[in-house]
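The values are calculated or read from the model by the stated rules, or taken from the named source; none is laboratory data. Model, not experiment: these values are computed from the prediction. Neighbour counts are summed over all protein chains in view; Cβ atoms, including those assigned to glycine, are modelled from backbone coordinates with ideal geometry. SASA here: full protein model, heavy atoms, side chains in, ligands and nucleic acids out. Shrake-Rupley method; radii C 1.70, N 1.55, O 1.52, S 1.80 Å.
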Amino acid sequence: SGKKLNIYLGIDPTATKIHLGHAVPLRKLQAFARLGHNVTFLIGDFTALIGDTSDKDTERPVLTSAEIEENFQTYKKQAEKILDFSKIKVKHNSEWLSKLDFKKVVELAQQFDFGEFAGRELIAKRLKEGKHVGLHEALYPVMQGYDSYFMDTDIQIGGTDQTFNMQAGRTLQKDLRNKESFVLAMEFLIGTDGKKMSKTGNNAIWLEDEPNDMYGKIMRIDDSVIVEYYKLATDVNLDAIAVIEDSLKKGQDPMHAKHLLAQQIVGDLYSTDIATQAREYFKKVIQNKEMPDTIPTVSLTLENGLISYIDLLLKTNLATSRSDARRLIEQGGVEIDNQKILDPTGEIAIKDNAVIKVGKRKFVEVTVA
């Protein structure tokens, strides 16, 4: 028909890091923007005052306005790898939700059945276990529904965990405007360990991952989800994906399809040249176990000529904390000049130009002042 649809994706800026799973609905939003529809990226700065508990077994902490804005700026910087904000409107739902009086809130709440909210799996589980369920949590779907109504939405985009909340928008559009609207519930992406990708599961591929790390993580995904990654994390057309799927069913080595996948994703988020370099790095360092051509150098000044292994990893930025350093050593992930280090309490008289290796991809050369 040529009609321009009103389409939106909303986020509560409670977290600042985006992984490929988060990016699935972002990619769909960008696809609608490319097609010329009226696309809105909605910041739930007002709904964040409640916090969505759709996928949580406890209440979420309340954020300040300053924290919300800071989180969004960090989020936006990453999202720009996927979204062209020159074609997408950015709005804050505080623009309209903060203006609702109590009478209006009651009128909106009358459109919904509290039993449906209380019957949601995680809410019912919390109630059964005697955990606190704030009455304000029942207002979250109402508020999200009003977002959809206020913007006269045709399509809402979100993860499948948002289906209940998005249906609230359909309810208000139908009851108050007599208009049919729709939801597009996106699938979840599987992480590197075969489970749903999450920020707490140590299985995420982050948009901010360095290209070599991102490439290596994609190469570690299970063979069974290769096609799913092509569909959810790339713009490769379905005909080409069908060819890849058919070749895998016929027994083609999945490494070939993974290399193409990793190049596609890294190329989309960085550049084709960087993706090619990441592929060469993976083949040389990971597959052939060679040293990389270039290794970052860190200069150290030592007292008494000794340094603990934990301090060494911290000073070379190969570990994020003392507990992280200890874990890396205990798991056998640290080598110094090709010698595996297993004692986290040990010390070393580190030599000039020594090479420290952590995992399969991180190298640092040490110069001693």
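For the stretch 141-275, averaging the sequence separation of C-alpha pairs within contact (under 8 Å, six or more residues apart) and dividing by the residue count gives a relative contact order of 17 percent.
Highest average first, the peptides 142-153, 20-31 ordered by how many other beta carbon atoms sit within 10 Å of their residues are 142-153, 20-31. The alpha-carbon of Lys128 sits under 15 angstrom from the alpha-carbons of these aspartates and glutamates, leaving out residues fewer than 8 places away in its chain: Asp57.
For the stretch 12-34, the residues whose backbone nitrogen is under 17 Å from a point 7 Å from the Cα of Thr163, taken along Cα to Cβ, are 25. Hey, of [x] 19.3; [y] 17.4; [z] 23.5, which did the structure itself give for mean projected area of the Cα convex hull in nm² when calculated? Of the listed options [x] 19.3; [y] 17.4; [z] 23.5, [z] comes from this structure.
Write down the percent of antiparallel bridges among all DSSP beta bridges whose residues are both part of the chain, to the nearest 5. The antiparallel proportion sits near 40 percent. Close lysine pairs were tallied over the stretch 129-244: pairs 8 or more places apart or on different chains with Cα atoms under 30 Å apart number 10.
Net charge of the neighbourhood of Gly333, taken over other residues with C-beta under 13 Å away and scored Lys/Arg +1, Asp/Glu -1, is +4.
With a Förster radius of 22 Å applied to the C-beta separation of Thr367 and Gln287, the computed FRET efficiency comes to 0.15. Excluding same-chain neighbours fewer than eight residues apart, the lysines reachable from Lys315 by a Cα-Cα span under 16 Å are Lys351, Lys357, Lys362. Farthest towards the positive end of the charge dipole of the chain, among the residues Trp206, Ser98, Ala109, is the Cα of Ala109, using unit charges on the Cβ of Lys, Arg, Asp and Glu. All C-alpha pair distances within the stretch 157-253, sorted into 10 Å bins from zero, spread as 13, 32, 29, 17, 8, 1 percent across the bins. Packing order of peptides 298-310, 255-267, highest average first: 255-267, 298-310 (average count of other Cβ atoms within 10 Å over each peptide's residues). Here the relative contact order of the stretch 45-188, from alpha carbon pairs under 8 Å that lie six or more residues apart, stands at 24 percent. Subtracting the Cα-Cα distance of Ser308 and Ala66 from their residue separation scaled by 0.36 nm leaves 83.1 nm. Amide H contacts for Met186 (H built 1.01 Å from N in the peptide plane; partners 5 or more residues away or on another chain; cut-off under 5 Å): Gly158, Gly159, Thr160. For Cα pairs less than 8 Å apart in space and 6+ apart in sequence, what is the mean separation divided by the residue count of the chain, i.e. the relative contact order in percent? About 14 percent, as a whole number. Accessible area per residue (1.4 Å probe, heavy atoms of protein chains only) ranks Glu67, Glu210, Glu228 as Glu210, Glu67, Glu228, with the largest value leading. Rounded to the nearest 10 degrees, the angle from helix 272-281 to the longest Cα principal axis of the chain is 40 degrees. Legend: calculated FRET efficiency, Asn338 to Ala240, from the Cβ-Cβ distance at R0 = 25 Å, rounded to 0.05, equals 0.05.
Using the rule -39500 (n - 2.57) for each DSSP H run of four or more residues, divided by the residues of the chain, the 222 nm mean residue ellipticity is -12500 deg cm²/dmol.
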